[in-house]
Amino acid sequence: MKHAHLLLILAVLCTTACKKDEIDLSSLTSNPFDAEYNGDPIFAMVDQETVEQTISGVVQQRLNVTVSVRSDLFPIATSYQVRAVRGSTTQVFFLNAQDHDRFVVSVAGVSPGDVECWSLQLGNAGEFGGGNDVCGTAE
């Protein structure tokens with residue numbers, strides 16, 4: 001009888017200890033690698049400069065925007081990609097800790113006062129998640 005009582009207590013403990021609450025996937029929005037991310041901005045403009053360039057004898061202005069990645073928001077340190085979309089143009093940057101979490105997006109043929117924006121998304125292993133827009137103004 002004593003053993004039966006002990007077995008009953010162990011059975012109750014085991015079944016209640018294994019009870020897990022359902023995970024609500026829609027509430028998991030704090031990982032910047034997830035498409036549903038809704039936390040702080042991942043990308044920020046650090047610097048912008050407008051430079052002259054000559055292509056085939058034609059002088060034009062190029063806007064270069066240096067962007068930083070808030071890697072402190074990552075759950076763990078990892079290499080990653082950034083997809084930069086501007087209109088119909090898409091660039092993908094492959095970054096890791098050695099890149100100091102910065103990259104440059106640019107556009108040629110700008111005039112002073114032109115505002116150019118890129119839609120940036122964070123990615124890993126070919127899948128892209130959260131992001132935000134970054135803009136620069138040509139001088």
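Throughout, read-outs are computed from the coordinates displayed, never taken from laboratory work. Just so we're clear, the structure is a prediction, and the values are computed from it rather than from any experiment. Here the Cβ positions follow ideal geometry from the backbone for every residue, glycine too, while neighbour counts run over all protein chains shown.
Assorted remarks:
- Per-residue extension of 0.36 nm, minus the Cα-Cα distance of ASN38 and PHE94, leaves a gain of 17.9 nm for this segment.
- Summarising the amide proton neighbourhood of PHE103: residues at separation of 5 or more, or on other chains, whose placed amide H is nearer than 5 Å comprise VAL67.
- Translational diffusion of region 35-137, µm² s⁻¹ [Kirkwood Rh, Cα pairs; Stokes-Einstein; 10 °C; 1.306 mPa s]: 109 µm²/s
- If you take all other residues with their beta carbon under 13 Å from the beta carbon of GLN61, and give Lys and Arg +1 and Asp and Glu -1, the sum is -4.
- In Hz, Karplus ³J(HN,Hα) per residue of region 61-69 (6.51, -1.76, 1.60; θ = phi - 60°; x = Gly, Pro): 9, 10, 9, 10, 10, 8, 10, 9, 10
- The residues neighbouring GLY109, those whose beta-carbon lies less than 15 Å from its own, together hold a net charge of -2 under the Lys/Arg +1, Asp/Glu -1 convention.
- Per-residue HN-Hα couplings for region 70-85 [Karplus 6.51, -1.76, 1.60; θ = phi - 60°; Hz; x = Gly/Pro]: 7, 5, 5, 7, 5, x, 9, 5, 7, 7, 7, 10, 10, 9, 10, 10
- Using a cutoff of 8 angstrom between alpha carbon atoms and counting only pairs six or more residues apart, the relative contact order for region 38-83 works out to 38 percent.
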